[in-house]
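K.L.:
Before anything else, here's the structure in question.
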Amino acid sequence: MMCSQCGNDHGDELGELAFRRPDALFALAAAERQSKVRESNDWCVIAGERFFLRALLPLAVAQLNDSYCIGIWVELQPTDFERVCELWRDERQAAEPPFTVRLANSIPTLAETLGLEGLLQLSGPTSRPSVTLAASSHPLAVEQAKGISLHRAHEYSQVFA
Ligand SMILES: [Zn+2]
């Protein structure tokens, strides 16, 4: 699909923008990481006191009739993380009210995103939860509220390219 902003064709193969782990993990020395961290591609616990989940942050792209999703980590309150663990294999987990979370990654090229507040909604045992940022003047919150252009989605797909 031709981009109306730059004339290039970048509709079909938008690469993903995804973070492998929360930023807090990369701040740890290797030995510390081994002794203090329990982790998988879906969740991560540091020293039994900081709790993270991998989520999707959808940005609506009108031109695609779809959303461009950023794969990002969020930090939860300990009791909320416990609740998520209880619901991990529950088919009805989408009925659970959302949890207040904070973004746990800095997205390069944007104003600081680490610590931005949002709501995490579980979606099902085999799909990642989604995060909706609290309304604010932060550019990412504005983009999520208003949607983004195809060109902008392409820019996100190139952040780590
Ligand atoms: Zn473009």
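K.L.:
From the list Thr100, Thr109, Thr132, which residue is at positive phi and among the β-branched types (Val, Ile, Thr)?
P.N.:
Values: Thr100 fails: at positive phi; Thr132 fails: at positive phi.
Step by step, each of Thr100, Thr109, Thr132 is checked, and only Thr109 is at positive phi and among the β-branched types (Val, Ile, Thr).
K.L.:
Here is a further query. Quick check on Pro22: is it surrounded by fewer than 15 Cβ atoms within 10 Å (Cβ to Cβ) and away from the ligand (no atom under 16 Å from the Cβ)?
P.N.:
It is false that Pro22 is surrounded by fewer than 15 Cβ atoms within 10 Å (Cβ to Cβ) and away from the ligand (no atom under 16 Å from the Cβ).
K.L.:
Further question on the same structure: Residues to consider are Ala135, Ala94; find the one that is of a type in the set (A, V, I, L, M), modelled with pLDDT of 95 or more, assigned to a loop (DSSP other than H, G, I, E, B) and farther than 25 Å from Cys3 by Cβ. Lay out the reasoning, then the answer.
P.N.:
Numbers: Ala94 fails: assigned to a loop (DSSP other than H, G, I, E, B).
It is Ala135.
K.L.:
May I pose another question? Identify, by number, the condition in (1) in a helix (DSSP H, G or I); (2) more than 16 Å from the ligand (Cβ to nearest atom) that Glu155 doesn't meet.
P.N.:
Unmet for Glu155, out of (1) in a helix (DSSP H, G or I); (2) more than 16 Å from the ligand (Cβ to nearest atom): (2).
K.L.:
Would you confirm whether any residue within the range 71-93 is within 16 Å of the ligand (Cβ to nearest atom) and out of contact with any Asp or Glu (no Cβ under 8 Å at 6 or more places or on another chain)?
P.N.:
Of the residues in the range 71-93, the ones within 16 Å of the ligand (Cβ to nearest atom) are none.
No, there is no match, as no residue in the range 71-93 is within 16 Å of the ligand (Cβ to nearest atom) and out of contact with any Asp or Glu (no Cβ under 8 Å at 6 or more places or on another chain).
K.L.:
Still on this structure, I have one more. Being closer than 24 Å to Ser149 by Cα, at pLDDT 95 or above and surrounded by 13 or more Cβ atoms within 10 Å (Cβ to Cβ) narrows it down to one residue among Trp43, Trp73; which is it?
P.N.:
Trp73
K.L.:
Looking at Ala134, Ala145 in this structure, which one is surrounded by fewer than 18 Cβ atoms within 10 Å (Cβ to Cβ) and touching an Asp or Glu at 6+ places or on another chain (Cβ under 7 Å)?
P.N.:
Only one candidate qualifies: Ala134.
K.L.:
Taking into account only those residues within the range 111-131 that are assigned to a strand (DSSP E or B) and without any contact (Cβ under 8 Å) to a residue 40 or more places away in the chain, which is farthest from the ligand (Cβ to nearest atom)? Give the steps one after another, and end with the answer.
P.N.:
From the range 111-131, those assigned to a strand (DSSP E or B) are 117-121, 124, 127, 130-131; that's our starting set.
Next, from what is left, pick out any that are without any contact (Cβ under 8 Å) to a residue 40 or more places away in the chain: 117, 119, 121, 124, 127.
Details: Glu117: 31, Leu119: 31, Gln121: 30, Gly124: 33, Ser127: 29 Å.
Checked the range 111-131; the qualifying residue farthest from the ligand (Cβ to nearest atom) is Gly124.
The values are calculated or read from the model by the stated rules, or taken from the named source; none is laboratory data. This structure is a prediction, so every number in the text was calculated from the model and none was measured. No Cβ is skipped: glycine too gets one built from the backbone with ideal geometry, and neighbour counts run over all protein chains shown.
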